[in-house]
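The values are calculated or read from the model by the stated rules, or taken from the named source; none is laboratory data. Small disclaimer: the values here were computed from a predicted structure and weren't measured. Here the Cβ positions follow ideal geometry from the backbone for every residue, glycine too, while neighbour counts run over all protein chains shown. Areas reflect the complete protein model, heavy atoms only, side chains present, ligands, DNA and RNA absent. Shrake-Rupley method; radii C 1.70, N 1.55, O 1.52, S 1.80 Å.
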Amino acid sequence: MSERYDAVIVGGGVIGSSIAYHMAKKKMKVLLLEKGRLAGQASGAAAGMLAAQAETDGKGPLYKLAKESRAMFPRIAEELKELSGIDIGWVSRGIYKLALTEEEAETLRQSATDQLEQGERAEWLEPKELLRRLPALSETVCGGLFLPEDGQVSAPHLSLAFAKSAAALGAEVREFAEIDEILCDHSRVIGVAAGRQPIYSGTVVVACGAWSSRVLKRAGIELAAYPVKGECFSVVTHK
């Protein structure tokens with residue numbers, strides 16, 4: 001027996017779950033498919049930085065989009081808490097970028113100058129002032145750039161809140177539902193097959209992160225994307 005949806009989203013990380021949520025808000029019939037657990041891959045391990053200034057060069061369309069996205073989080077945090085009961089851990093206390101060499105210090109000083117010239121908030125801190133604010137740092141630090149507008153969320157909680165909120169708005173969410181293939185009619189995508197059963201849809205969104213290339217290959221689409229190793233750690237200091 002075949003199924004039909006307005007949109008099928010493949011991938012239950014933060015991006016796929018967010019797309020499902022926003023489509024469900026528009027009263028679309030949405031199906032979200034995740035091959036394992038929701039937020040079980042990169043979205044379950046990401047640091048969750050809202051680093052519009054810290055992780056871009058302050059120029060181009062990506063920077064503009066990142067700033068607009070960052071500005072949406074106070075409202076999104078409230079919406080998701082109301083619908084899902086999940087606190088996404090939104091915090092807006094700034095981000096520090098540290099310089100461990102004189103070369104890095106010079107780069108960050110220039111970054112501070114560039115951002116200030118664009119009307120952004122940024123502050124270069126010499127080692128003495130940086131250590132006054134963050135006394136647990138090594139005294140070998142060469143200074144740091146403080147970006148007070150950047151912040152963070154809990155990436156796993158954000159992903160789950162989007163998925164649960166999407167479900168509350170009528171979206172169907174299926175875990176452990178890996179697709180077998182992308183269904184095509186000549187050159188047009190018309191759905192997916194999961195568990196050997198066809199699921200038809202006017203729109204198929206592939207949101208599998210670094211694994212998207214493997215899924216798209218089933219439809220004859222080549223995407224030069226691959227996973228890379230990253231590390232994240234949390235430090236708690238005791239006085």
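Not counting the cut sites, what is the longest span of the chain without chymotrypsin sites (Phe, Trp or Tyr not before Pro) that DSSP labels loop and that have at most 15 other Cβ atoms within 10 Å?
On the way: sites that count: 176, 233.
Within the chain, the longest run free of exposed chymotrypsin sites (Phe, Trp or Tyr not before Pro) spans 1-175.
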Descending semi-axes in Å of the stretch 51-134, equivalent ellipsoid built from Cα gyration tensor: 29, 17, 9
Listed residues 113, 89, 99: farthest to the positive end of the dipole of the stretch 83-141 (Cβ charges): 89
The stretch 91-134 shape via C-alpha gyration tensor axes, a/c threshold 1.5: oblate
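Using Cα pairs under 8 angstrom and six or more residues apart, how large is the relative contact order of the chain, in percent?
Details: 463 pairs, mean separation 74.0, N = 239.
Relative contact order here is 31 percent.
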Label-point separation, residue 67 to residue 196 (7 Å along Cα→Cβ), nm: 5.5
Dipole moment magnitude, nearest 20 debye, the stretch 1-62 about Cα centre, only Lys, Arg, Asp, Glu C-beta charged: 300
Crossing angle, helix 14-25 versus the chain [Cα axis fit, 0-90 degrees, rounded to tens]: 60
Amide hydrogen neighbours beyond the local backbone of residue 184, cut-off 5 Å, H modeled: 190
Built amide H within the under 5 Å cut-off of residue 13, gap 5+: 39
Whole-angstrom Cα spans of the stretch 19-95 along principal axes, big to small: 37, 27, 25
Hz values of 3J(HN,Hα) by residue in the stretch 154-164 - Karplus curve (6.51, -1.76, 1.60), Gly and Pro given as x: 8, 4, x, 5, 5, 4, 5, 5, 4, 5, 5
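Report the Rg/Rh value for the stretch 177-239, based on alpha-carbon coordinates and the Kirkwood definition of Rh. Provide the component values of the computation, followed by the final result.
Working: Rg = 17.7 Å, Rh = 14.0 Å.
Here Rg/Rh amounts to 1.26.
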Magnitude of the charge dipole, the chain, Cβ model with Lys/Arg +1 and Asp/Glu -1, debye to 20: 840
Protein accessible area in the stretch 1-144, 1.4 Å probe - carbon and sulfur %: 55
From phi via Karplus (6.51, -1.76, 1.60), per-residue ³J(HN,Hα) for the stretch 211-224 in Hz, x at Gly/Pro: 8, 4, 4, 5, 6, 5, 4, 5, 9, x, 9, 9, 10, 7
Amide H within-cut-off set for residue 4, under 5 Å, with H built and near neighbours excluded: 200
Share of carbon and sulfur in the accessible heavy-atom surface of the stretch 145-239 [1.4 Å probe, %]: 53
Between the stretch 53-101 and the stretch 150-222, the Cα center-to-center distance that results, in Å: 24
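Report, to two decimal places, the Cα Rg of the stretch 112-239 normalised by 2.2 N^0.38 Å (N = number of residues). Walk me through the numbers before you get to the answer.
Numbers: Rg = 23.2 Å, N = 128, 2.2 N^0.38 = 13.9 Å.
Dividing the Cα Rg of the stretch 112-239 by 2.2 N^0.38 Å gives 1.67.
Using the heavy atoms of the protein chains alone and a 1.4 angstrom probe, what is the accessible area of the stretch 73-187 per residue in square angstrom? Don't skip to the end; give the middle numbers.
Details: 6590 Å² over 115 residues.
Per-residue accessible area for the stretch 73-187 comes out at 57 Å².
Rg(Cα) of the chain divided by 2.2 N^0.38 Å? Spell out each step's value before the answer.
Details: Rg = 21.2 Å, N = 239, 2.2 N^0.38 = 17.6 Å.
That works out to 1.20 for the chain.
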Over the chain: helical MRE at 222 nm, DSSP H runs n ≥ 4 each giving -39500 (n - 2.57), nearest 500: -10500 deg cm²/dmol
Karplus-derived HN-Hα couplings along the stretch 68-82 (A = 6.51, B = -1.76, C = 1.60, θ = phi - 60°), whole Hz, x at Gly and Pro: 5, 5, 4, 5, 7, 5, x, 6, 4, 4, 5, 4, 5, 5, 5
